[in-house]
Each structure stands twice: as C-alpha cells, then as structure tokens.
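What follows is a short report on a single structure.
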Amino acid sequence: MQNNKPNRKNPRKSSYGTSRRSILKKSFKQEQVVFSTPISDDPSVAIIGGGMSGLICALNLDKRGIRSTVFDTGIHGLGGRLGTRVIDPQPLVFDHAAQYFTVSDSRFAELVDEWMEKGLVREWQGVIGELEAGGCFLPVTPSSPRYIGVDGMRPLADSILSQTHMVNVVRPCWISRLDAFNGMWHLSENGKPHGQFDAIVIAHNGKCANRLLATSGLPLIARQMKSLELSSIWALLAAFEDPLPIPSNLTSNPFEGAFVKGVDALSWMANNTQKLFPSQSVGPHCWTFFSTAAYGKKNKVPQENVPNATAEKVTAGMLEGIEIALGLPKGSLPRPIYTRVQLWGAALPTNTPGVPCIFDPQGRAGICGDWLLGSSVEASALSGMSLANHIADYLQSGGTRPAEFAAGLNNEFHPVTGYDIGQFPGSELMESTEQTTDILTCEV
C-alpha cells in the first residue's frame, strides 16, 4: 500500500468546512491508492449508504457468500428515498419520497415477484394522470403495473435484508473518513473507528459523498462523482380533515396521483391515504406534494437546517400551487390539520454516465446508485446487483488481474430527460408524452 495511515506526525486534513469547489479541486490532486497486498481469505465489504442500491448490493453480496456492513445515516430506518413518515397519534402516514415504481428488466422483475409473494408490495390500482393548471385532469392507463409498498415504502426497505446471514447494519452512522492502510480500508465517524474492510462501496451521492472522496486516494471515482449534477425538490406533507376538491370531470372516480403541469411550485401530488389504505372511508386525508426542480432551486437552503421562514414560505407557496392546479379560487383550499416540508437537496440526477456501476480495482472501491442508469427504483436496484456481482467476481479472482475489472471510470455523462420527479421504465405516460417519467428514488 502506498498510502500512509494519518497520525500526529502525518496528519490528513479534513475536508469539512471547505467549499464544494475546493473539495472538487482537491479530488484531482490526490494520489491514487494502489492495493498490492493479497485479498484476505474471508473478505468483507463496507457499503456506505442504506438506500435501495446499497441494500440490494448487500443482499447480492450475501448471496455470493461475501460479508458486508451497511452504514446508514437514517435515524428512523433504512431506505434513503424509500421513505415513509408516520405521525402519531392518528397516525398520519406519508410516502414522502419514492411514490411508486415500475418494472421493465427481468432481473428486477424476479425480485419484485419475491416481494409480492411475501406480501411486501402490491399493484397500485388507483387513477393516475396529468393535471393541468386550472383543474383539467387526464387519466392515463399504464402499459405496465405500478407497484407500491403495502404499508409504505420504508417497510419494504427495512425488509430487504431480513433473511440475509452475512450483512451487518450500523445506523445512524455518518462515515466521515476513509483511510487506506496495510491493504485495508479503515472507516471512521468523526474520529471513532468503524472497522476495516477489503473493499468499499459508495452508495450515496451529493456534497457528502464529494467530501468523503475528496481526500480518499480515489481520484478516478471522485472525478465521476463530481461530474454528477443533481436537482433539488421540496416535499410538502399535508393532512386534510376532508377530501380535497377535485376537478368536476372526476367526481365519480377521483384521482390518487397526478403529474402537475403549468404550476411553478408543483410537479406531483398523491393521496397517500387512498393509495395505502383504499378501504379507509373516514379520517384525515394525507397528501404528498412535490415541487418542480426550478422551484427547488429557487428556494434552496441547507437541507440539514431549513430556516423557519423558508419552511413557511415554501409551505404557503406550495399550498397556493395546489389551488392553481385544482382550479380553486385563491384562499379557498381547506386549511390542513398538519403540514411539514422537507427539502431533498440531492433529489434526482440531471445527467448520467449510463453504466450500471463504477469500480476502481486498484483502490478496491465502487459506486452504485440510481443515477448511474437514470433515476428510478429499478435503476437503483440494478446498479446494486451489478456492483455486488462485479465486486464478488473481483474478490474471488484474488485481485491479481485488476485491469480486467475496471468499470465506468471514464464514461462521459449525458443528460437525463423527463419529469422533475424521475423515470418510470415502460410507462404509458412516458410513451404518450415522449418523456421518461420514478418519483424521487432511490438512492434517492
């Protein structure tokens, strides 16, 4: 190993507190870590990020007989953008990130079939379509089924590793440093050691991933991560005592989800209560609303510390957007009994290298995530599968032929087209509008 372990005489500066520009500049100056030591007989992999791609990566490593540890920052559970928020005591239940997903790949279909058999997912039969500003709704018949978590998206995420035998989960944990030393990767959280591993997986993105990689000794991976561009989306969770007023052409069969057009503050709205609990006829109606990417950019703040004034402004702006979308007079929308806004600062990719995974065999490090193939739950799962099998093949080869296992390190990025809220492979809506359309997935 060429990289020396930092100590008092040989400190490594932390990138925290520096600007994004300086972080990215450093990533091009760092020396490449080159492992030359043999791979251990019982290798282990650290997976940093417990969203869909990280969980599926761990699941498939387990199937290949390789140990892994998933480190995730989630306080309430795993899943990343497979998020469900439950507000007691009613309870109020909101899918506040990924809303549903579609299937077009046979490998993902096999996984979804398993989830169906276990009662974890089901088809979403509710009416979904496009809602033009002013209240004009056009229902759209999908060409492929839409799937949702039976009790929300987060329970699905929490179940993915339930039958694994070689996966450890550490949360909440924010890995802040990677050190290559004596043929292993050493992970730590603000100075607290979190073990040593033969290989690492970066299964998250955005500024935190850039900071982590800035002084990691992985310039090729850092460069690809730096090339990723992400949009910001506001999510408004709102519960109403009574059903929302709906367009007059849908009085007999109200919609449960709509892609909103012509409203600056709104791109999607969905009735979680009807989606998750279709037999429920009374009680609060819980809705999730997403802003447009343009609105998210215009009102972007640090998502870890949203100022009260911004939260109030965004809430008011999005509630007004709901009135515009439904064609209601200003100020006539029923007052919600509960509201909460959340900024997804790294919501969706706007560009992609179009590869299933990235792997640096010299540094024994890889990246997985939905952004590598687009922006969908399916893309996230396929990326995790691909990287797991790639790492397993590399480790089982003994690491003696690294050049054969390099993947995605030099692929150029191209734009991702579609709605502000993601892609739906095989969607009729995609075909009818000539746009790709999965809502805030996953890894995000």
* Structure fact -> Residue-normalised value, i.e. accessible area per residue, for the chain at 1.4 Å probe, in Å², stands at 42
* Asked: Give or take rounding to whole Å, what are the principal axis extents of the alpha carbon atoms in region 235-316, in descending order?
  -> 41, 27, 18
* **Pairwise Cα inverse-distance average, inverted: Kirkwood Rh of region 144-193 (Å)** => 14.3
* Given C-alpha coordinates of region 151-263, what is the ratio Rg to Rh with the Kirkwood estimate of Rh? -> 1.15
* Within region 361-418, GluC sites (Glu not before Pro) in DSSP loop having at most 12 other beta-carbon neighbours inside 10 Å -> 412
* Selection from 291, 274, 322, by position along the positive dipole direction of region 270-346 (Cβ) -> 291
* If you build the Cα gyration tensor of region 17-151 and take the root of 5 times each eigenvalue, what three semi-axes come out, in whole angstrom, biggest first? -> 37, 23, 17
* **Computed magnitude of the charge dipole of the chain (debye, nearest 20; Cβ of K, R +1, Cβ of D, E -1)** => 2260
* **Semi-axis lengths (Å, descending) of the ellipsoid that matches the C-alpha gyration tensor of region 44-86** => 21, 10, 7
* Asked: Just for the Cα atoms in region 70-127, what are the lengths along the principal axes, largest first, rounded to whole Å?
  -> 38, 35, 20
* Structure fact -> Scattering profile of region 86-213 from the Debye formula, Cα beads only, expressed as log10 I(q)/I(0) at q = 0.09, 0.12, 0.18, 0.21 Å⁻¹, is -0.46, -0.76, -1.14, -1.25
* Expressed as cubic angstrom per residue, what is the convex hull volume of the alpha carbon set of the chain? -> 141
* Just the ratio, please: alpha-carbon radius of gyration of region 177-217 over 2.2 N^0.38 Å, N its number of residues. => 1.13
* Express the carbon and sulfur contribution to the solvent-accessible surface of region 270-331 as a percent, rounded to the nearest whole number, probe 1.4 angstrom. => 56
* **Per-bin percent of Cα-Cα distances, region 104-177 [10 Å]** => 14, 32, 28, 17, 8, 1
* Structure fact -> Listed by chain and number, the residues whose amide H is under 5 Å from that of residue 168, excluding neighbours fewer than 5 places away on the same chain and using placed H, are 68, 69, 70
* What residues have an amide H closer than 5 Å to that of residue 338, excluding those fewer than 5 places away on the same chain, when H is modeled at 1.01 Å from N in the peptide plane? -> 239
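The values are calculated or read from the model by the stated rules, or taken from the named source; none is laboratory data. Owing to the predicted nature of the structure, the values given are computational and were not obtained by experimental measurement. Please note: Cβ atoms are built from the backbone with ideal geometry, for glycine as well, and neighbour counts cover all protein chains shown. Just the protein is used for accessible areas: all its heavy atoms, side chains included, with ligands, DNA and RNA removed. Shrake-Rupley method; radii C 1.70, N 1.55, O 1.52, S 1.80 Å.
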